[in-house]
1. Can you tell me the accessible area per residue over the range 47-184, all protein chains present, probe 1.4 angstrom, in square angstrom?
2. Please determine, in degrees from 0 to 90 and to the nearest 10, the orientation of helix 162-174 with respect to the longest principal axis defined by the Cα atoms of the chain, where the helix direction is its Cα long axis.
3. For the chain, find the longest principal axis of its Cα atoms and tell me its angle to the long axis of helix 145-156, 0 to 90°, nearest 10.
4. If contacts are Cα pairs under 8 angstrom and at least 6 residues apart, what is the relative contact order of the chain in percent?
5. Kindly express, to the nearest 10 degrees and within the range 0 to 90, the angle between helix 42-56's C-alpha long axis and the longest C-alpha principal axis of the chain.
6. Using amide H atoms built in the peptide plane, which far-off residues or other-chain residues are under 5 Å from Leu81 H to H?
7. If you average the alpha carbon positions of the range 88-160 and of the range 1-77, how far apart do those two centres end up, in angstrom?
8. Loop only per DSSP, at most 10 neighbouring Cβ atoms within 10 Å: give me the trypsin sites (Lys or Arg not before Pro) in the range 86-165, ordered by residue number.
Amino acid sequence: MQWCAAEGADGTLPVAAAWLATSCRREDGRRDETVRRDDPRLIEKANDGWFRLALDHGFLGDGREFLSGVNRADDDSVPVLRWARVRLVEEWDIMGAGAATGVLGSAAGYPEFAMLSLDGNVILRGTTWQESIGSPVVPDPHRVQIIRDYVARRSASPRTPAAERAEGESWLRAHPPEQPPEQE
């Protein structure tokens, strides 16, 4: 990945809320691509699954750009999660070399990341389970109640850092709850 810019736009889903993709259900639109840890082609297949989900769900923007959640804290204290605008380069390895950097995971084959399409309509996670690794995708996060509730709770809490509260409030204003159609 190539870094393009430091932050996402106003009204963007808070990074911490994107991590909830693994808590979403199939009824929320969640789909997964997973690979068993004992597969000899673990990283290759996990990368293929990530890319398949990205293509199938319109995740990549112009120039193959998207947002990647990063910790901007200066030390090991409380994380300061922000979006960074990145570009998928021609030669890439998110689940292997990317995860090994510590930005997208803890080691090659141990991904842990949250990504968001530029329009904010698709969350794409990478995660490690006990016997597999993979990527859950959640389209239309503004329609997912668990995500809306989390953002609303964090935005209302005085213990939430001010920047995250403002980010959540901005996202909630930009994505008001959908009203059910009126019955005649």
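The values are calculated or read from the model by the stated rules, or taken from the named source; none is laboratory data. Here the structure is a predicted model, which is why all the values come from computation and not from measurement. Because the Cβ atoms are built from the backbone with ideal geometry, glycine has one as well, and the counts that use them run over all protein chains shown. For accessibility, only protein heavy atoms count, side chains too; no ligands or nucleic acids. Shrake-Rupley method; radii C 1.70, N 1.55, O 1.52, S 1.80 Å.
1. Each residue of the range 47-184 exposes 53 Å² on average to a 1.4 Å probe.
2. Rounded to the nearest ten degrees, it is 70.
3. So the helix axis and the longest Cα principal axis differ by about 70 degrees.
4. Computed value for the chain: 29 percent relative contact order.
5. It is inclined by approximately 40 degrees.
6. Arg72
7. Their Cα centres are 4 Å away from one another.
8. Those that pass, being in a loop and sparsely packed, are Arg159.
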